[in-house]
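Data first, discussion second: the structure below is written as structure tokens.
The values are calculated or read from the model by the stated rules, or taken from the named source; none is laboratory data. Here the structure is a predicted model, which means the values were calculated and not measured. Note that we place each Cβ from the backbone using ideal geometry, even for glycine, and neighbour counts take in every protein chain shown.
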Amino acid sequence: MERPLTQHIHSESSPLNLKEYQQVGGYAGVQKALKEMTPAEITNLVKTSNLLGRGGAGFPTGVKWSLVPMDKEEPKYLVCNADEMEPGTFKDRYLLEGNPHQLIAGMIIAAYAIQAQTAYIFLRWAYKKAEAELRKAIAEAYAAGLLGKNILGTGYNLEMNVHSSAGRYICGEETALLNSLEGKRAIPRTKPPFPAISGLFGKPTVVNNVETLCWISHIVENGADWFKGLSLTETGGTKVFGISGKVKKPGLWELPLGTTIREILEVHAGGMLEGYGFRGLLPGGASTDFLIEEHLDVKMDFSTVGAVGSRMGTGTMIILDDKTCPVAFLHNVEKFFALESCGFCTPCREGLPWVVKILEAIENGNGRMEHLDILKQQTKYMGPGNTFCAHAPGAAEPLQSGLNYFHDDFVSHINNKKCPWKS
């Protein structure tokens with residue numbers, strides 16, 4: 001099984017330096033792209049590969065690049081979203097710390113494809129080790145003529161910068177990220193115009209996730225058909241999947257897109273810890289709907305998970321076991337989303353704190369049956385089309401599915417006026 005993204009990452013050793021990475025074929029894609037391909041050819045290749053964004057939304061990467069106007073002589077920007085704030089998600093950190101040169105190579109090609117001469121890595125403030133490794137790798141790339149002026153003698157120039165963010169969950173929304181990068185309050189912008197037309201400093205900008213950009217050099221080197229052949233579904237590539245919770249081997253694994261939830265949970269994560277049973281999981285971080293035991297044989301890819309009522313999201317699962325109270329679990333999740341709301345629109349700013357108060361009341365034995373109807377109403381008020389961005393709809397997903405799958409637990413809390421998991 002090929003693992004292009006993680007094959008050179010070893011937890012017991014430091015990441016490969018530039019010379020070591022080049023010895024195993026690193027930056028070959030940069031050589032090919034800048035010396036043998038036009039920007040349009042690169043964009044068409046990525047579009048043909050059907051690389052979907054790995055940040056959670058799954059938007060076609062090549063399509064996003066093709067929206068950048070190439071007929072105007074104006075500054076363009078490439079931004080890597082490395083502000084990994086989704087609860088339960090740690091895949092980008094693994095890639096950043098384990099092989100920063102892989103990301104840099106992908107960013108060089110992506111920037112060349114849209115003819116950007118400035119690139120930013122918008123990094124989560126807490127990722128101190130990742131920042132140190134990135135800055136070291138970028139310095140090596142500059143010294144080797146892979147960044148800066150006249151890269152590889154091609155006449156192409158690219159400046160790359162690391163921006164350590166102040167850290168807000170809302171910066172996962174690309175326009176809020178751009179506002180933060182400009183030194184403004186991190187709130188979403190009105191769309192349209194989309195960033196590809198008017199992004200950073202009002203100029204055409206592409207924002208891609210770390211895992212997405214790490215793929216670019218591999219696709220240029222090996223082709224679209226190779227990329228598609230790595231997957232078990234029509235969508236190409238592998239995916240860095242992860243699991244956290246009461247399992248025997250929590251962690252990350254690069255597996256073909258379309259690997260079943262059961263295989264990831266029972267084979268790679270080793271199954272549940274002794275004494276713990278499985279009740280459900282959030283398949284792609286905290287902002288996704290619960291799936292339960294009947295969904296274990298669902299394939300982890302964007303369309304299949306969507307067909308059963310959830311989203312693949314980041315592909316990093318959070319497990320709910322049978323010794324954890326689902327009401328307390330949801331209270332903790334919704335408290336996070338309420339704290340991280342940018343406060344821009346009413347359903348999010350006012351709705352999420354209200355949800356938290358009701359869940360707290362139910363968990364503490366002060367709940368009433370009408371509270372369940374209020375919570376269900378709130379998931380609709382915070383749903384798609386009613387808010388300025390996807391923050392509140394994402395927060396509504398675990399709640400709406402939790403109210404469905406764990407209804408009896410909520411009723412038990414209310415009828416018995418206490419949490420059954422508390423002594």
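On inspection, THR118 does not qualify as surrounded by fewer than 16 Cβ atoms within 10 Å (Cβ to Cβ), of a type in the set (Ser, Thr, Tyr) and farther than 30 Å from PHE336 by Cα.
Kindly provide the set of residues from region 272-305 that are of a type in the set (Gly, Ala, Ser), under 19 Å from PHE329 (Cα atoms) and not in a loop (DSSP other than H, G, I, E, B), ordered by number. If the condition is that a residue be of a type in the set (Gly, Ala, Ser), under 19 Å from PHE329 (Cα atoms) and not in a loop (DSSP other than H, G, I, E, B), then GLY280, GLY285 are the ones that fit. Inside region 246-267, residues that are within 20 Å of the chain's Cα centre (by Cα), surrounded by 18 or more Cβ atoms within 10 Å (Cβ to Cβ) and in a strand (DSSP E or B) make up a count of 6. Looking at THR314, THR233, THR212, THR259, just one residue is among the β-branched types (Val, Ile, Thr) and over 27 Å from HIS10 (Cβ atoms), and that residue is THR233. All but one of (1) surrounded by fewer than 22 Cβ atoms within 10 Å (Cβ to Cβ); (2) within 17 Å of the chain's Cα centre (by Cα); (3) charged (D, E, K, R) hold for ARG279; which doesn't? Here ARG279 meets the rest and fails (2). If you go through region 374-419 and keep only what is among the acidic types (Asp, Glu) and crowded, with 16+ Cβ neighbours inside 10 Å, you end up with GLU397, ASP409. Residue check: is ALA82 buried (at least 24 other Cβ atoms within 10 Å of the Cβ) and either at pLDDT below 95 or closer than 24 Å to MET317 by Cα (or both)? So ALA82 passes the test. Please indicate, with yes or no, whether at least one residue in region 306-316 is assigned by TED's automatic domain parsing to the domain that holds PHE278, assigned to a helix (DSSP H, G or I) and within 28 Å of VAL247 (Cβ to Cβ). Within region 306-316, one or more residues are assigned by TED's automatic domain parsing to the domain that holds PHE278, assigned to a helix (DSSP H, G or I) and within 28 Å of VAL247 (Cβ to Cβ). Residue-level check: of (1) within 17 Å of GLY53 (Cβ to Cβ); (2) of a type outside the set (S, T, N, Q); (3) within 18 Å of the chain's Cα centre (by Cα), ILE109 misses just (3). Here GLU263 meets each of (1) among the charged types (D, E, K, R); (2) touching a residue at least 12 places away in the same chain (Cβ under 8 Å); (3) over 19 Å from THR379 (Cβ atoms) with one exception, condition (2).
Of the helices (runs of 4 or more DSSP H) lying entirely inside region 130-235, the ones with 3 or more residues being surrounded by 20 or more Cβ atoms within 10 Å (Cβ to Cβ) are found at 174-181, 210-214, 216-222.
Filtering region 37-56 down to residues that are free of Cβ contacts under 8 Å to residues at least 24 places away in the same chain and surrounded by fewer than 16 Cβ atoms within 10 Å (Cβ to Cβ), which residue is farthest from GLY236 (Cα to Cα)? Restricting to residues being free of Cβ contacts under 8 Å to residues at least 24 places away in the same chain and surrounded by fewer than 16 Cβ atoms within 10 Å (Cβ to Cβ), the top hit is THR38. Of the helices (runs of 4 or more DSSP H) lying entirely inside region 42-128, the ones with 3 or more residues being closer than 25 Å to ARG168 by Cβ are found at 91-98, 100-114. Could you please find all residues in region 150-166 being more than 26 Å from the chain's Cα centre (by Cα) and closer than 25 Å to LEU178 by Cα? Listed by number, the residues that qualify are TYR156, ASN157. Would you say LYS35 is assigned to a loop (DSSP other than H, G, I, E, B) and either in contact with a Cys (Cβ under 6 Å, 6 or more places away or on another chain) or of a type in the set (Lys, Arg) (or both)? So LYS35 fails the test. Looking only at region 196-227, residues that are more than 18 Å from the chain's Cα centre (by Cα) and closer than 26 Å to TYR127 by Cβ come to 7 in all. Close contacts from region 77-105, counting a first residue that is free of Cβ contacts under 8 Å to residues at least 12 places away in the same chain and a second that is in a strand (DSSP E or B), with Cβ to Cβ under 9 Å and a gap of 6+ residues or different chains, come to none at all.
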